[in-house]
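Asks: Sharing a structure below in C-alpha cells format, with a few things to ask.
Read the figures in this text as sums done on the coordinates, not as results from a lab. Just so it is clear, the model here is predicted, and its values are computed rather than measured. Please note: Cβ atoms are built from the backbone with ideal geometry, for glycine as well, and neighbour counts cover all protein chains shown.
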Amino acid sequence: MVKLERISLRNEGLKKFFSPNEVRILGLLWEKERVTSGQIQKQCGDLSLACIAGTLDRLVKSGFVNRTLDASESRVRYLYAPTCTQQELGTKISEQVVDCLVDTFGTAVVSSIGRFRR
Amino acid sequence: MLPFLAILVIAASFLSVFLVWKRFELLIAGQAAAASAIVVGIVSMSCPMFQWIWAYLGVVSFGLLTVSIVRYCLTREGQPNHAGLSSYIATLEVQFCIPIRVIDTQRIRAFAHRRAAYLSVGLLERLDKDEVTAVVAHEAYHVKHSPSKLVSSLAALSSLTFVPYNDEHLADQYAADIAGKDTLARALRKLEIAGGEQRIEDLVTSG
Ligand SMILES: [Zn+2]
C-alpha cells in the first residue's frame with residue numbers, strides 16, 4: 001500500500017510515491033532478484049549502511065519487498081526480492097489512486113479517464 | 001510400571017527446560033532430581049510412605065513442562081526459524097550460558113534485556129564471528145551483572161540510588177578479555193553507537 005498522504009505529484013517518476021532512496025533500491029531489486037544488502041551498498045556507494053538498512057526495513061514492512069533468511073554454519077544474511085513487478089506496482093497504485101479520486105469526485109473521474117480509451 | 005512412567009515424565013520435563021532455555025544449571029538440577037526419583041522409586045516399592053515425594057516430583061515436573069511449552073510457543077514467533085541460524089546462535093548461548101534472541105531487522109543492533117541478549121540479523125550479517133563473540137560477551141556481562149528486579153526495587157526504596165555508571169566500561173573489559181581488544185574495537189565501530197569512539201579510546205588506553 002502506498003500511503004496516500006505521502007504522494008507528492010510535483011516529484012518525478014516513482015518519487016511521487018516513494019522516497020528517493022526507496023526508488024533507487026526498488027530499481028536495483030527489479031534489475032536483479034535475490035540481492036543482499038552488501039550488493040545494494042556496493043551499487044549505492046554514497047548511501048550509508050544504516051540508511052540502506054532503514055530503507056530496506058521500511059520497504060519490507062510496507063510489503064513492497066520480501067526478504068528471506070539465508071543462514072548456514074558460517075554466515076547469516078537476508079536475500080531481498082521485490083514482491084511485484086514494476087508493471088504490477090503501476091496497476092496497484094493506479095487502482096488505489098483512482099479509488100480515492102472516485103470517492104471524492106464521483107462520475108467526473110470516470111469521464112475524465114474515459115478520454116484515454118480508444 | 002508407574003515409577004518408570006514417572007521417571008520418564010520427569011526426565012522429559014527437565015529435557016524440555018534445557019531445550020527451551022539451554023541452561024546447564026537447570027539440566028544438572030534435572031539430572032539430580034531424576035537420580036533421586038529413581039532412588040525414591042526403588043525405596044517406595046517396599047514403603048508406600050514415600051508416595052508423597054512422587055506426588056511432589058510429579059507436580060514440579062508437570063509445572064516445568066507446561067512452563068517450557070508455553071515459553072516455547074511465545075518465543076517461537078517472530079524469530080527467524082532456520083537450522084543454520086540456530087546452530088550459529090546455539091554455540092554462543094552455550095559458551096556464555098545466556099539465551100540469545102534474534103531480531104528481524106537489517107539494522108545493526110545488540111542489547112541485553114531481561115536476562116537475554118538480543119542480536120539483529122543485520123549484525124550477524126555484518127560482523128564476523130569473532131566480532132559477534134565480542135558483542136555477545138559484552139551483553140552477557142550486562143545479563144549476568146544487572147541487579148535483579150528485587151534488588152533494584154529494594155535499592156530504590158532505601159533511596160540508595162544505584163547508578164551503573166561503570167557498567168559499560170566493565171562490560172567492555174570483560175568482552176576484551178574474551179575476544180581481544182582489537183576485535184571488540186572493530187565490533188564497536190560497526191555498531192555505530194553513540195559514544196562508541198570514546199569507548200574504543202577507553203579500551204585502548206586501559207591496561
Ligand atoms: Zn552495554
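Asks: Residues of A:50-57, mean number of Cβ from any other protein chain within 10 Å of their own Cβ, rounded to a whole number?
Replies: Details: counts 5, 0, 3, 9, 3, 1, 4, 6.
Mean partner shielding for this stretch: 4.
Asks: Another question, if that's okay. Amide H to amide H under 5 Å from A:Thr83: which residues, 5+ apart in sequence or cross-chain, H placed 1.01 Å off N in plane?
Replies: Hits under the 5 Å cutoff: A:Val65, A:Asn66.
Asks: Would you kindly derive the ³J(HN,Hα) couplings of the range A:7-23 from the backbone phi angles with the Karplus curve 6.51 cos²θ - 1.76 cosθ + 1.60 (θ = phi - 60°), listing them in order in whole Hz, with x for Gly and Pro?
Replies: Here the 3J(HN,Hα) series is 6, 10, 5, 6, 6, 8, x, 5, 5, 5, 10, 10, 6, x, 5, 4, 5 Hz.
Asks: Whose amide H sits under 5 Å from the amide H of B:Ile103, counting only residues 5 or more places off or on another chain, with H placed in the peptide plane?
Replies: For B:Ile103, whose amide H was placed from the backbone, the distant partners under 5 Å are B:Leu119, B:Ser120, B:Val121.
Asks: Right, here's the next one. Given the rule -39500 (n - 2.57) for each run of at least 4 DSSP H residues, summed and divided by the residues of chain A, what is its mean residue ellipticity at 222 nm, to the nearest 500 deg cm²/dmol?
Replies: Numbers: 5 runs with 60 residues, N = 118.
The per-residue figure over chain A is -16000 deg cm²/dmol.
Asks: Give me the angle, in degrees from 0 to 90, between the Cα long axis of helix A:49-61 and the longest principal axis of the Cα atoms of chain A, rounded to the nearest 10.
Replies: 50 degrees
Asks: Something else: What is the set of long-range amide H partners of A:Cys44 at a cut-off below 5 Å, with H atoms built 1.01 Å from backbone N?
Replies: Amide H neighbours of A:Cys44, under 5 Å, 5+ apart: none.
Asks: Among the listed pairs B:Lys144/B:Lys190; A:Lys15/B:Lys129; B:Lys144/B:Lys181; A:Lys16/A:Lys61; A:Lys32/B:Lys190, give every one whose C-alpha distance is greater than 30 Å. If you can, show how the numbers build up before the last one.
Replies: Working: B:Lys144/B:Lys190 24 Å; A:Lys15/B:Lys129 39 Å; B:Lys144/B:Lys181 21 Å; A:Lys16/A:Lys61 19 Å; A:Lys32/B:Lys190 27 Å.
Among B:Lys144/B:Lys190; A:Lys15/B:Lys129; B:Lys144/B:Lys181; A:Lys16/A:Lys61; A:Lys32/B:Lys190, the Cα-Cα distance tops 30 Å for A:Lys15/B:Lys129.
Asks: For the range A:93-105, in order, what is each residue's ³J(HN,Hα) by Karplus, 6.51 cos²θ - 1.76 cosθ + 1.60 with θ = phi - 60°, in whole Hz (x at glycine and Pro)?
Replies: Whole-Hz 3J(HN,Hα) from phi for the range A:93-105: 5, 4, 4, 5, 5, 5, 3, 5, 5, 4, 4, 7, 10.
Asks: Ok, one more. Which one of A:Gln87, A:Gln43, A:Gln96 has the biggest mean-square fluctuation once chain A is modelled by GNM with Cα springs under 10 Å?
Replies: Most flexible of the set in this elastic network: A:Gln87.
Asks: May I ask you to derive the FRET efficiency for B:Thr91 and B:Leu15 from their Cβ-Cβ distance with R0 = 22 Å, giving the value to the nearest 0.05?
Replies: Details: r = 20 Å, r/R0 = 0.89.
Computed FRET efficiency for B:Thr91 and B:Leu15 comes out at 0.65.
Asks: So how much slack lies between B:Phe4 and B:Ser206, counting 0.36 nm per residue of separation and subtracting their Cα-Cα distance, in nm?
Replies: Working: separation 202, 0.36 × 202 = 72.72 nm, distance 5.81 nm.
Contour length minus the Cα-Cα distance gives 66.9 nm.
Asks: Per residue of A:64-70, count partner chain C-beta atoms within 10 Å of its C-beta, then hand back the mean as an integer. Provide the component values of the computation, followed by the final result.
Replies: Working: counts 0, 0, 0, 4, 2, 10, 4.
Across A:64-70, the average partner-chain Cβ count within 10 Å equals 3.
Asks: Along the principal axes of its C-alpha atoms, what lengths does the range A:4-83 span, in descending order and rounded to whole Å?
Replies: 49, 25, 22 Å, listed from the longest principal axis down.
Asks: Put a dot 7 Å past each Cα toward the Cβ at B:Arg101 and A:Arg75; how far apart are the dots in nm?
Replies: 2.9 nm
Asks: Can I ask one more? How large is ³J(HN,Hα) for each residue in the range B:114-122, as worked out from phi by the Karplus curve 6.51 cos²θ - 1.76 cosθ + 1.60 (θ = phi - 60°), to whole Hz, x for Gly and Pro?
Replies: 6, 6, 9, 9, 10, 10, 8, 4, x
Asks: Using a cut-off of 13 Å between beta-carbons, work out the net charge of the residues near B:Ala179 (Lys and Arg +1, Asp and Glu -1, B:Ala179 not included). If you can, show how the numbers build up before the last one.
Replies: On the way: positive: B:Lys129, B:Lys181, B:Arg186; negative: B:Asp128, B:Asp130, B:Glu131, B:Glu139, B:Asp172, B:Asp177, B:Asp182.
Every neighbour counted, the sum reads -4.
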